[in-house]
Amino acid sequence: MLRLYDTATRRVAEVVPAGGGVLRLYVCGPTVYGPPHLGHGRFTLVYDVLRRYLEWSGIRVRHVSNVTDIDDKIITRANDEGRPWQDITEESEALWWAAMDRMGVAMPNEAPHATRYVPQMVELIGELVSRGAAYDVEDGVYLSVAEVPGYGLLAQQSLDSLRSGARVDVVAAKRSPMDFVLWKKAKPGEPSWPSPWGPGRPGWHTECVVMSLALLGEGFELHGGGSDLKFPHHENERAQAVALGRAFAAHWMHNGMVEVGGEKMSKSIGNVTDLATTLDSVDPRAYRLLVLQSHYRAPIEVSTAQLSAASQGLDRLDSLARRMDEAAAATSEAVESEPASDLRAAFSERMDDDLDAPRAMALVFDAVRSANAMLAGSDVAGGLALGRQALSCASATGLLTASGRAVSERAALLAQQRDRARDARDWTTADRLRDELQAIGYRVEDTPAGTRIYR
RNA sequence: GGCGGCGUGGCCGAGUGGUUUAGGCAAGGGCCUGCAAAGCCCUGUACAGCGGUUCGAUUCCGCUCGCCGCCUCCA
């Protein structure tokens, strides 16, 4: 059973699906006002790995991740560019899903949009107001944090110490600097929805409580997001649920940040690298492997050097897969033998231990080496069986081996010619043909069955 | 100022109170090969510094130094 570090209790604890059924997972998604960056890539990979691993383990997962399609930044950009705000969100969301697709990140089961849940948000805010936890002032409706028992749980700080360090602009109307906005009243020309407090739009923190509870129900198993979301975003989501007396997430998971030169990658610092640009420059699986080779809670440095090291590692997986295909083809009988050692069990043990993917992957790479040795030696059946386990474990993290792009007719012809030259021991011609193949982008390896080319 | 985290061999990055090692990349040597490539084998004697606890610490405790995150929008 999966055990994960819980930000709220600061302990590693089992994540158990209620009633042994489906594990409900809510992950805070993007605000769609621009193209995704490497940090978005990391968090989506982390939760994709989690989800795929669970499913591979036979646990059903209901994965919900929101799209924030109304927000100050969206409005700002729309105004700057003189475009309708829906243009910005539609365009940005399309970029988002395209990038997810390229990374092999599975679509959430539901991807609710904030703008579709405004009535439910208005209703929730109304309840908070009627309970006396929220108050209506000139520019919006605010939640009174002092009314919430245990505020500061995720921040690991008391309300007092949070208040003393508060850097928020003091809004005169707010009763406490820590109070946060649930409903923003619209200024002229801003997009708005009707409400008992006048036209306006929901605050960010309200959207996630409403959609997670609406789609997953109370007491859902796991709520995740980037570690920068712990406070105030997740704290404030939770605060609303607490103020309503509703059970919220049972377990909180947060992933570490992507860093550049030891510094967090963030839009406010301006050191962002566009995700699509990176995916253009390397095999997208290399980013996944890079993410897998560090612990999800630790920060990771993403650089071209790191990515290329990861793609070298990926080659080991791909080349094992190729070797296995050939070995299986050469062995007429279907080899069904299961190896004595159960790699999958050991792999699961490590993944279950707070998603220790680095150690789990170390096990996979160990198995790759052994399988290669067996296939090269006399134990082809054993090598195939172990190799299959290794590739299965890799696939549990979403790391599929590449089937390779199709070989062109011309390349196939050159390879044939090279085989003939080699049969004739005409090394000059053989070498020339190899150079030609490499020049058109193929990798060339000699095998007992002849020239193997791939790209 | 408050809270939290980190400092591991050439690079990245796990982990552990003691014997036998993470893993990936890179490097060197070897096997294989017509030559390569791929693959396999071997090699590196790392745990910021200073104290303490201990029979024994990289691993526990304290301090020092350095770095980072959150406390404002942020994945």
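Brief remarks follow.
Quick grid of which residues meet (1) over 16 Å from the mean Cα position of the chain (by Cα); (2) at pLDDT 95 or above:
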{"site": "A:Ala214", "(1), (2)": "yes, yes"}
{"site": "A:His223", "(1), (2)": "no, yes"}
{"site": "A:Glu237", "(1), (2)": "yes, yes"}
{"site": "A:Val260", "(1), (2)": "yes, no"}
{"site": "A:Leu279", "(1), (2)": "no, yes"}
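- Residue satisfying condition, being in contact (Cβ under 8 Å) with a residue 24 or more places away in the chain, more than 23 Å from A:Gly313 (Cα to Cα) and more than 10 Å from RNA strand B (Cβ to nearest atom), within set A:Ala424, A:Ala411, A:Ala385: A:Ala411
- Top-ranked residue of region A:110-145 - restricted to ones that are of a type in the set (Ser, Thr, Tyr) and open to solvent by 20 Å² or more (accessible area, probe 1.4 Å), ranked as farthest from A:Gly398 (Cα to Cα): A:Ser130
- Residue check, A:Glu237 farther than 28 Å from A:Arg77 by Cβ, of a type outside the set (S, T, N, Q) and in the same structural domain as A:Ile75 (by TED's automatic domain parsing): no
- Region A:258-277, residues that are buried (at least 19 other Cβ atoms within 10 Å of the Cβ) and touching a helix residue (DSSP H, G or I) at 6+ places or on another chain (Cβ under 6 Å): A:Val258, A:Met265, A:Leu275
- Subset of region A:107-126 [without any contact (Cβ under 8 Å) to a residue 40 or more places away in the chain and either in a loop (DSSP other than H, G, I, E, B) or of a type in the set (Gly, Ala, Ser) (or both)]: A:Met107
- Residue in region A:24-34 that is touching a strand residue (DSSP E or B) at 6+ places or on another chain (Cβ under 8 Å), more than 15 Å from RNA strand B (Cβ to nearest atom) and either at pLDDT below 95 or under 27 Å from A:Leu182 (Cβ atoms) (or both) present: yes
- Options A:Thr401, A:Thr428, A:Thr451: the member that is within 30 Å of A:Met351 (Cα to Cα) and of a type in the set (Ser, Thr, Tyr): A:Thr401
- Residue ID - farthest from A:His205 (Cα to Cα), chosen from residues in region A:94-109 that are out of contact with any Lys or Arg (no Cβ under 9 Å at 6 or more places or on another chain) and surrounded by fewer than 19 Cβ atoms within 10 Å (Cβ to Cβ): A:Arg102
- Pick from region A:64-78, criterion hydrophobic (A, V, I, L, M, F, W, C) and over 10 Å from A:Val32 (Cβ atoms), ranking: surrounded by the most Cβ atoms within 10 Å (Cβ to Cβ): A:Val64
One line per residue, one yes/no per condition, for (1) in a helix (DSSP H, G or I); (2) of a type in the set (S, T, N, Q):
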{"site": "A:Arg201", "(1), (2)": "no, no"}
{"site": "A:Val210", "(1), (2)": "yes, no"}
{"site": "A:Leu213", "(1), (2)": "yes, no"}
{"site": "A:Leu229", "(1), (2)": "yes, no"}
{"site": "A:Ser268", "(1), (2)": "no, yes"}
{"site": "A:Val272", "(1), (2)": "no, no"}
{"site": "A:Val291", "(1), (2)": "yes, no"}
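- So A:Thr397, is it β-branched (Val, Ile, Thr) and either surrounded by 20 or more Cβ atoms within 10 Å (Cβ to Cβ) or more than 13 Å from RNA strand B (Cβ to nearest atom) (or both): yes
- Among the residues listed as A:Ser378, A:Ser403, A:Ser370, the single one being outside any helix (DSSP H, G or I), assigned by TED's automatic domain parsing to the domain that holds A:Arg316 and more than 19 Å from the chain's Cα centre (by Cα): A:Ser378
- Residue in region A:298-306 that is under 30 Å from A:Ala18 (Cα atoms) and open to solvent by less than 50 Å² (accessible area, probe 1.4 Å) present: yes
The values are calculated or read from the model by the stated rules, or taken from the named source; none is laboratory data. These figures come from a predicted structure and were not determined experimentally. In this analysis, Cβ positions are derived from the backbone assuming ideal geometry, glycine residues included, and neighbour counts consider all displayed protein chains. Each accessible area value is taken on the protein alone, full model and side chains, heavy atoms only, with ligands, DNA and RNA left out. Shrake-Rupley method; radii C 1.70, N 1.55, O 1.52, S 1.80 Å.
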